[in-house]
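The values are calculated or read from the model by the stated rules, or taken from the named source; none is laboratory data. This structure is a prediction, so every number in the text was calculated from the model and none was measured. Cβ atoms come from the backbone with ideal geometry, glycine included; neighbour counts cover every protein chain shown. Areas reflect the complete protein model, heavy atoms only, side chains present, ligands, DNA and RNA absent. Shrake-Rupley method; radii C 1.70, N 1.55, O 1.52, S 1.80 Å.
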Amino acid sequence: MTKIIIDGKEIDVPGDLAIIQALELVGVEIPRFCFHERLSVAGNCRMCLIEVVGAPKPAASCAMCVRDLRPGRDGEPPEIRTNSAQVKKAREGVMEFLLVNHPLDCPICDQGGECDLQDQAMAFGVDASRYHENKRAVEDKYIGPLVKTIMTRCIHCTRCVRFTTEVAGVEELGAIGRGEDMEITTYLEKAMGSELQGNIIDLCPVGALTSKPYAFSARPWELRKTETIDVMDAVGSSIRVDARGNEVMRVMPRNHDDVNEEWISDKTRFIWDGLRTQRLDRPYIRVDGRLQPASWAEAFAAIAAKIKLVSPSRIGAIVGDLAATEEVFALKALMDAIGSQNLDCRQDGTALDPKFGRASYLFNPTIAGIEDADGIMIIGANPRLEAPVLNARIRKRWLRGGLRVGLIGEKVDLTYDYHHVGGSPGDLTRFTDHGPIGMKRPIWLVGQGAVARPDGGAILSMVAQATVSTGSLSEDWNGFAVLHTAASRVGALDLGAVPGQGGLGALQMARAGGVDVLFLLGADEIDVEPGAFVIYQGSHGDAGAHRADVILPGAAYTEKSGTYVKQIARRAVFPPGDAREDWAILRALSEVLGKKLPFDDLAGLRTAMTETVPHLGRSDVIEPAKISDIEALAKHGGEVSAETFAPVISDFYLTNPVARASKTMAECSALATGVLAEAAE
């Protein structure tokens, strides 16, 4: 700790902090435009000027560390003044210069109400300017379909440049020109290729970079804000859903250092227009080959009539990727009441199974634990497309140095350097009886591209063998990590939503003749062959609804309260039309089937669920799994094929029904496909 004097008060602060951070620790507000906690220091806006007693001029508090301060002449602690006349004059001068060329078009700017320049001009500026020259104008730049640019407003803080280069790892945004001619651009004015580019909207302290899909839609004070959880991937990023009336207007990130820090992927941020289109808002029954609108009573009666004619062993259910644990629990309880063992949450056919223990399907080192790792071996995964925020965390650790990254699978651009070991299980074999590798905290990250194949169980065992043999397990470190692509998967596996004794898996049920009645709980990523009577419960008219004989309209993830990976998602708006929350539909259906479930509200359901799986009731608490599970899995063994690992996501923007209903995501997909096609040529 270092002793300094701040505005006459003597305080101890860590010496490695920037002065601006030390001042924040003691509650002193310092204005800034270019400084950001998670980006490198630029020191180019000069708004954070302070007075260091004894210095010849004001100092930028973001660019100087506490340890750089010199003691006084007689050895007294360094003294800083943040509210002196010199500081006030300096800040007013900086603000006056910033506003010389700013267009001051606040009434038509989407940043209005959330603009740092507005707020700081009010708090630290003056009410008049001495400059009356013509303002400069800058041509707007095209950087893609997601970010709208009005570059005349740009104050050259370079936050966007530093983010894309340092965090996103895409060096496509930079500055050209000097002085008054300086401009932020993508150089060739092509669309950016990052899956995280939307975060520059939040970083921009003025209205130069705003959301293109959200443009001129609403003002922040009109919106009702709900803190919830993202389900576009399995990371569980903390988000805020802003709605006006019963319509979602935008999605914003929330800070959560252990998960997504303050970043979210573009799919998370811009998916909201897909919540409005292709919605299922009333039940349907297929009559003479065509789906006809029906009432809830008629839909339930049709299901009950069919189920009465079928043996329980010929009834099956498949859980989709966006289902919350509450509806998975309700579906499992209903299938148990019917007497069927045909239930599966793995519509991609992955070999993950709770019989191997929780450690066999968890990201055991945790996302925050990536920053403590000294080695990562990625097997059958592309984190950049499967979990962009997690990939950014790996890049952050790589930039710090001392991290060795290897990849077994398809060679792709991950935004950081790695050693490509190979592409097949044979390349993994060399590590299964390897000795200790001299690393303290290595991670073996296995993706669904490795385990969602016929020999997935054997490959999972091979990864466990490699984890054990290389010394990646210890009392305080479990280096075995599974990267999921489905938000519902871990919770559903915790609930045991897999086939029981003699039950059929998802791929078996989907085959012709697999079952006679098949219930799809938002399962759209599996092809159901002709023959079965299909009941689809979901929010969008996607593949599952097209195949269905009866459609039960459910709620989208923003329209229901639910649990995902032990994080609570909260309802932001209500479902449209006759659509209902999924657990409520299952509860009502159970009564019509004569198998009434033992709960009448969400609280009762959660009580029953936590009695069955207690740790699901402890939200935001990481439950460490047993290392012995990995050691047992390593002994499981099995035969593997020589087939190379194939990616599970070919199009980042169209991975679920909500995304496929989004016009914005369709535009991004078309652009990305074109970019990839150009690269291939």
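Please state which one of THR149, THR158 is under 24 Å from LEU399 (Cα atoms) and in contact with a strand residue (DSSP E or B) (Cβ under 9 Å, 6 or more places away or on another chain). Exactly one of THR149, THR158 is under 24 Å from LEU399 (Cα atoms) and in contact with a strand residue (DSSP E or B) (Cβ under 9 Å, 6 or more places away or on another chain), namely THR158. Here GLY72 passes the criteria (1) over 29 Å from GLY169 (Cβ atoms); (2) free of Cβ contacts under 8 Å to residues at least 40 places away in the same chain; (3) crowded, with 21+ Cβ neighbours inside 10 Å except the one numbered (3).
Starting from segment 1-28, keep only residues that are free of Cβ contacts under 8 Å to residues at least 40 places away in the same chain and more than 15 Å from PRO71 (Cα to Cα), then list their pairs with residues that are open to solvent by less than 20 Å² (accessible area, probe 1.4 Å) and outside any loop (DSSP other than H, G, I, E, B) whose Cβ atoms are within a distance under 9 Å, requiring at least 6 positions of separation or different chains. From segment 1-28, the pairs are GLN21/VAL13; GLN21/VAL66; LEU25/VAL13; VAL26/ILE6; VAL26/VAL13.
With respect to the conditions (1) of a type in the set (Gly, Ala, Ser); (2) crowded, with 18+ Cβ neighbours inside 10 Å; (3) part of a loop (DSSP other than H, G, I, E, B), ALA22 falls short on a single one, namely (3).
Under the condition of being without any contact (Cβ under 8 Å) to a residue 24 or more places away in the chain, under 23 Å from ASN83 (Cβ atoms) and part of a loop (DSSP other than H, G, I, E, B), the residues counted in segment 101-143 number 2. Can THR673 be described as within 19 Å of ALA492 (Cα to Cα), open to solvent by less than 80 Å² (accessible area, probe 1.4 Å) and either touching a Phe, Trp or Tyr at 6+ places or on another chain (Cβ under 7 Å) or assigned to a helix (DSSP H, G or I) (or both)? So THR673 does not fit the description; no. Given the condition open to solvent by 60 Å² or more (accessible area, probe 1.4 Å) and not aliphatic (A, V, I, L, M), answer yes or no: does some residue in segment 579-587 qualify? Checking segment 579-587: at least one residue is open to solvent by 60 Å² or more (accessible area, probe 1.4 Å) and not aliphatic (A, V, I, L, M). Here CYS45 passes the criteria (1) touching a Cys at 6+ places or on another chain (Cβ under 7 Å); (2) open to solvent by 20 Å² or more (accessible area, probe 1.4 Å) except the one numbered (2). For segment 202-252, the set of residues classified as of a type in the set (A, V, I, L, M, F, W, C), on the phi > 0 side of the Ramachandran plot and in contact with a strand residue (DSSP E or B) (Cβ under 7 Å, 6 or more places away or on another chain) is empty.
Within segment 400-412, the set of residues being open to solvent by 10 Å² or more (accessible area, probe 1.4 Å) and either in contact with a Cys (Cβ under 7 Å, 6 or more places away or on another chain) or within 20 Å of VAL235 (Cβ to Cβ) (or both) comprises LEU403, VAL405, VAL412.
Restricting to segment 436-459, what's the tally of residues that are closer than 10 Å to GLY380 by Cβ and assigned to a helix (DSSP H, G or I)? Total meeting the criteria: 6.
Counting only strands (runs of 3 or more DSSP E) that sit wholly inside segment 210-289, not one has at least 3 residues that are at pLDDT below 95, of a type in the set (Val, Ile, Thr) and open to solvent by 40 Å² or more (accessible area, probe 1.4 Å).
This table checks each residue for (1) touching an Asp or Glu at 6+ places or on another chain (Cβ under 8 Å); (2) acidic (Asp, Glu).
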{"residue": "ILE30", "(1), (2)": "yes, no"}
{"residue": "PHE33", "(1), (2)": "yes, no"}
{"residue": "GLU37", "(1), (2)": "no, yes"}
{"residue": "ARG73", "(1), (2)": "no, no"}
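Residues in segment 29-40 that are over 18 Å from ASP202 (Cα atoms) and open to solvent by 30 Å² or more (accessible area, probe 1.4 Å): GLU29 alone.
I'd like the residue in segment 293-326 that is among the β-branched types (Val, Ile, Thr) and outside any helix (DSSP H, G or I) and, out of all such residues, is most open to solvent (accessible area, probe 1.4 Å). Among those that are among the β-branched types (Val, Ile, Thr) and outside any helix (DSSP H, G or I), it is VAL310. Restricting the first member to segment 551-580 and to residues that are touching a residue at least 60 places away in the same chain (Cβ under 8 Å) and of a type in the set (Phe, Trp, Tyr), and the second to residues that are open to solvent by 10 Å² or more (accessible area, probe 1.4 Å) and part of a loop (DSSP other than H, G, I, E, B), the beta-carbon pairs closer than 7 Å and six or more apart or on different chains are TYR557/LEU322; PHE574/ASN246. Within segment 562-578, if we keep just the residues that are of a type in the set (Gly, Ala, Ser) and farther than 18 Å from ASP233 by Cα, the residue that is least open to solvent (accessible area, probe 1.4 Å) turns out to be ALA572.
Return yes when PHE533 is at pLDDT 95 or above, farther than 30 Å from ARG511 by Cβ, open to solvent by 10 Å² or more (accessible area, probe 1.4 Å) and among the aromatic types (Phe, Trp, Tyr) and no when it is not. No; evaluated as a whole, the condition is false for this residue.
Yes or no, residue by residue, for (1) touching a residue at least 60 places away in the same chain (Cβ under 8 Å); (2) part of a helix (DSSP H, G or I):
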| site | (1), (2) |
| --- | --- |
| VAL328 | yes, yes |
| LYS332 | yes, yes |
| ASP336 | no, yes |
| LEU343 | yes, no |
| ASP348 | yes, no |
| LEU352 | yes, no |
| ALA359 | yes, yes |
| ILE370 | yes, yes |
| MET377 | yes, no |
